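Data first, discussion second: the structure below is written as structure tokens.
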Amino acid sequence: MCGIVGYIGNQQAYPILIKGLQRLEYRGYDSAGVALITDSNDMVVYKTKGKVSDLEDFVQSKDVSGTVGIAHTRWATHGEPNNVNAHPHYSQSENLALIHNGIIENYAILKEDLMKRGYTFKSNTDTEVLVQLIEYVKVSNNTDIFHAVQLALTQVIGAYAIAVLERNNPNCIVAARKSSPLVVGIGDDEFFLGSDASPIIEYTNRVIYIDDDEVVRLERGKEPRITNLNNVEKPHQIMELEMSLSELEKGGYQHFMLKEIFEQAKTVRECMRGRINIDRNTVAMSGIIDNKEKFMNARRIIIVACGTSWHAGLIGEYLIEEFARIPVEVEYASEFRYRNPVLNKDDIVIAISQSGETADTLAAIELAHNQGVFVYGICNVIGSSIARNTDSGSYTHAGPEIGVASTKAFTAQVTVLSLIALTIAKEKGTLSKELFESYVTELSSIPDKMEETLGVSSYIEKFSGIFTYAKNFIYLGRGYNYPVALEGALKLKEISYIHAEGYPAAEMKHGPIALIDSEMPVVVIAPNKGMYEKVVSNIQEIKARKGRVVAIITKGDTAIKGMADYYIEIPETCECFVPLLAALPLQLMAYYIAVVKGCNVDQPRNLAKSVTVE
Ligand code: M6R
């Protein structure tokens, strides 16, 4: 995810652009840059690795005059975060400067073709390919920038929100979108651009949401022109935003947590983008491929993590053992770091962390390194300590998670672990071609199924209030859903302060059944896969003791519907991917119970987003 912002009008552009970048910094913060048409009619590009504040330091004593400009805050996808890969990118002649949010999937083919035509590249980004392509199309068709963008984008496969400045055309910004958001703000003789309305709302509440495959030209003194890629004019509707700035920062949701729950279809899509190719039925995690020998020869994988990331690690154990046939152990980082574990040179440690700053996980990494063990990181926050201190790794690309209770980071971690397990399995040949392809197909369908799952939100909101009386909850699940039970219980504890325990369903008879009475809510994750009949028996045992059952069931299941007090349906999927769907209703239940209890959902008592001390 990156943030893009633009301005053309009568005010000085730079302060507006910088403020806009600060508002969009949640979208990415590994580098930032700005392109301006200065008062002396020159085009300048200033960019640097680091945060928006680093850009501000960088431009001190530089000419930042001008009333037209574009700016970018980056979340690296192609090419490491550095000064060269930062946006804006110049075209070969430096006549064009472009910023981009998204991923150009066919950039390699386009780049090869442009190189044959004499174009040279300075960065490792897909974005530079785009700006070179637009220049090539413009020159070879002897056309204007607006038409060149239309033509060039017909050759592009992928996702983009872009904005282009042209040195020789200083009164114009051209922008376009496909699958990445783009908003135009309409002021008095001025226009704004943003990845969302947050950089715009301070100046105007009149906006146009640009649709997929649309190109927009913003010119001083003229109406915005919006067409599709075939130059057909598209009618546009100016919307009046009624939200306040603070609401916008939460995307209109009451809490960041709810926003983040609802983002999960998108974040899982983002996490898979560029890694899974459904047309070719392939999965490629570059961090694994780059260290192929290590993973092929690994005798054991040890996953270290804390909290929700540890729960994702438990699901990773099931996935890696089932798909790739490598033995996996999952350890609390806080225990691992102090217990003198036996480690071998052909072990691999995988450290999972949303923040990338958790002290115990960092210490576990250090211990593994001291014993010469290769450490692979799975982090959400780019450039975080864990990302820097591991030998290789994968980002989850869930975007900044602001709510203290982790939601979208969890499903992104499980997605990355699924992709890792599939990548190793492919290399090792531990899954049949048919099974591998069926998993790839199923995993790609998960975001759509998540959207469908989230449709149950208002039903959960209605019944959740009933449980505010409860002092205790039990969560049960088997196989892949045992860690989901643990995660559901943790969510409830964290934000509603109700005591909750997660158990493997079969363990109930070994003790927890003694707690069940008419007051005890028991949440059972009971999809129609795995040990379904055995879980049905558990539900009967709970009902026989008058417990109150909330069941997560597969759509179409009739047997459990008749037994449970409340049931939540999730779409059909394979056993291994059920956690990606079943987690969502549990997050929503915890959220709504906490809201009814009047708890501070985003900042629960005694908790911090990142535990950087012991
Ligand atoms: O940033 P990390 O993933 O390393 O954080 C680990 C835990 O502190 C974290 O998951 C915590 O349990 C969350 N509050 C759970 O919602």
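The values are calculated or read from the model by the stated rules, or taken from the named source; none is laboratory data. Here the structure is a predicted model, which is why all the values come from computation and not from measurement. Note that we place each Cβ from the backbone using ideal geometry, even for glycine, and neighbour counts take in every protein chain shown. The area values use the complete protein model at the heavy-atom level, side chains included, leaving out ligands, DNA and RNA. Shrake-Rupley method; radii C 1.70, N 1.55, O 1.52, S 1.80 Å.
Of all residues in segment 11-30, which are open to solvent by less than 20 Å² (accessible area, probe 1.4 Å) and in a helix (DSSP H, G or I)? Step through it out loud before you land on a result.
We begin by selecting, within segment 11-30, every residue open to solvent by less than 20 Å² (accessible area, probe 1.4 Å); these are 13, 16-18, 20-21, 24, 27-28, 30.
Across segment 11-30, the qualifying residues are 13, 16, 17, 18, 20, 21, 24, 27.
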task = Mind listing whichever residues of segment 501-549 are of a type in the set (S, T, N, Q), in a helix (DSSP H, G or I) and open to solvent by 10 Å² or more (accessible area, probe 1.4 Å)?
result = 537, 540
note = Flagged in segment 173-221 as of a type in the set (Asp, Glu) and not in a loop (DSSP other than H, G, I, E, B), in numbering order, are 214, 219
ask   = So which residues in segment 396-417 are within 8 Å of the ligand (Cβ to nearest atom) and either open to solvent by 10 Å² or more (accessible area, probe 1.4 Å) or of a type in the set (Val, Ile, Thr) (or both)?
value = 404, 406, 407
The listed residue being within 11 Å of the ligand (Cβ to nearest atom), surrounded by fewer than 21 Cβ atoms within 10 Å (Cβ to Cβ) and over 30 Å from residue 254 (Cβ atoms), out of 392, 334 = 334
ask   = Could you say which residue among 606, 600 is surrounded by fewer than 23 Cβ atoms within 10 Å (Cβ to Cβ), at pLDDT below 90, at positive phi and polar (S, T, N, Q)?
value = 606
note = residue 293 meets each of (1) open to solvent by 10 Å² or more (accessible area, probe 1.4 Å); (2) in contact (Cβ under 8 Å) with a residue 40 or more places away in the chain; (3) within 15 Å of residue 392 (Cα to Cα) with one exception, condition (2)
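Can you tell me how many residues within segment 397-420 are at pLDDT 95 or above and not aromatic (Phe, Trp, Tyr)?
Going through segment 397-420, the residues at pLDDT 95 or above turn out to be 406-420.
If we keep only those that are not aromatic (Phe, Trp, Tyr) too, we end up with 406-409, 411-420.
The number of residues fulfilling the criteria is 14.
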ask   = Which of the residues that make up segment 473-498 are open to solvent by 10 Å² or more (accessible area, probe 1.4 Å) and within 16 Å of the ligand (Cβ to nearest atom)?
value = 486, 490, 493, 494, 497
query = Which one of 417, 435, 422, 431 is in the same structural domain as residue 265 (by TED's automatic domain parsing), of a type outside the set (Phe, Trp, Tyr) and touching a Gly at 6+ places or on another chain (Cβ under 7 Å)?
reply = 417
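Only one of 351, 364 is over 24 Å from the mean Cα position of the chain (by Cα), touching a residue at least 24 places away in the same chain (Cβ under 8 Å) and within 12 Å of the ligand (Cβ to nearest atom); which?
Details: 351 fails: over 24 Å from the mean Cα position of the chain (by Cα).
Going through 351, 364 in turn, the sole match is 364.
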message = Can you list residue pairs whose Cβ atoms sit under 7 Å apart, with the first residue in segment 137-149 being over 18 Å from residue 99 (Cβ atoms) and the second being surrounded by 16 or more Cβ atoms within 10 Å (Cβ to Cβ)? Count only pairs 6 or more apart in sequence or on different chains.
response = 137/148; 137/151; 137/152; 141/148; 141/151
inquiry  = I need every pair where a residue in segment 171-189 that is among the acidic types (Asp, Glu) has its Cβ under 7 Å from the Cβ of a residue that is modelled with pLDDT of 95 or more and surrounded by fewer than 24 Cβ atoms within 10 Å (Cβ to Cβ), sequence separation at least 6 or different chains.
reply    = 189/9; 189/10
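Being within 11 Å of the ligand (Cβ to nearest atom) and of a type in the set (S, T, N, Q) is the filter here; which residues of segment 377-389 pass it? Lay out the reasoning, then the answer.
First, pick out the residues of segment 377-389 that are within 11 Å of the ligand (Cβ to nearest atom): 377-381, 384-386.
Across segment 377-389, the qualifying residues are 380, 384, 385.
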key: Matching residues in segment 256-275 - criterion: being open to solvent by 30 Å² or more (accessible area, probe 1.4 Å) and outside any helix (DSSP H, G or I)   = 273, 274, 275
message = Of everything in segment 362-389, what is open to solvent by less than 10 Å² (accessible area, probe 1.4 Å) and either at pLDDT 95 or above or not polar (S, T, N, Q) (or both)? Give them in sequence order.
response = 364, 365, 368, 373, 375, 376, 377, 378, 379, 386
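With the structure loaded, tell me whether residue 149 is at pLDDT 95 or above, open to solvent by less than 60 Å² (accessible area, probe 1.4 Å), in a helix (DSSP H, G or I) and touching a Phe, Trp or Tyr at 6+ places or on another chain (Cβ under 6 Å) or whether it fails that test. Even if it seems obvious, please write down each step before you answer.
Values: at pLDDT 95 or above: yes; open to solvent by less than 60 Å² (accessible area, probe 1.4 Å): yes; in a helix (DSSP H, G or I): yes; touching a Phe, Trp or Tyr at 6+ places or on another chain (Cβ under 6 Å): no.
Answer is no for this residue.
With the structure loaded, tell me whether residue 320 is within 16 Å of the ligand (Cβ to nearest atom), at pLDDT 95 or above and either closer than 27 Å to residue 78 by Cα or not aromatic (Phe, Trp, Tyr) (or both) or whether it fails that test. Quick ask: steps written out before the conclusion?
Details: within 16 Å of the ligand (Cβ to nearest atom): no; at pLDDT 95 or above: yes; either closer than 27 Å to residue 78 by Cα or not aromatic (Phe, Trp, Tyr) (or both): yes.
The answer is no for residue 320.
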task = Determine if segment 571-582 includes at least one residue that is within 16 Å of the ligand (Cβ to nearest atom), among the aromatic types (Phe, Trp, Tyr), open to solvent by less than 20 Å² (accessible area, probe 1.4 Å) and touching a residue at least 60 places away in the same chain (Cβ under 8 Å).
result = no
inquiry  = It is to be established whether one or more residues within segment 304-316 are away from the ligand (no atom under 15 Å from the Cβ) and in contact (Cβ under 8 Å) with a residue 12 or more places away in the chain.
reply    = no
task = Give the number of residues within segment 163-195 that are in contact with a helix residue (DSSP H, G or I) (Cβ under 7 Å, 6 or more places away or on another chain) and either outside the structural domain of residue 148 (by TED's automatic domain parsing) or open to solvent by 10 Å² or more (accessible area, probe 1.4 Å) (or both).
result = 2
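Results for (1) buried (at least 21 other Cβ atoms within 10 Å of the Cβ); (2) under 13 Å from residue 576 (Cβ atoms); (3) touching a helix residue (DSSP H, G or I) at 6+ places or on another chain (Cβ under 8 Å), shown as yes or no for each residue.
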position: 423; (1), (2), (3): yes, no, yes
position: 428; (1), (2), (3): no, no, yes
position: 434; (1), (2), (3): no, no, no
position: 438; (1), (2), (3): no, yes, no
position: 444; (1), (2), (3): no, no, yes
position: 450; (1), (2), (3): yes, no, yes
position: 455; (1), (2), (3): no, no, no
position: 458; (1), (2), (3): no, no, no
position: 461; (1), (2), (3): no, no, yes
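Does residue 604 satisfy being within 16 Å of the ligand (Cβ to nearest atom) and part of a helix (DSSP H, G or I)? Working first, answer last.
Details: within 16 Å of the ligand (Cβ to nearest atom): yes; part of a helix (DSSP H, G or I): no.
In short, no.
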task = Would you mind finding the one in 45, 68 that is assigned by TED's automatic domain parsing to the domain that holds residue 127 and either more than 21 Å from residue 152 (Cβ to Cβ) or in contact (Cβ under 8 Å) with a residue 60 or more places away in the chain (or both)?
result = 68
key: Checking residue 279 against (1) without any contact (Cβ under 8 Å) to a residue 40 or more places away in the chain; (2) over 30 Å from residue 104 (Cβ atoms), the condition it does not meet   = (2)
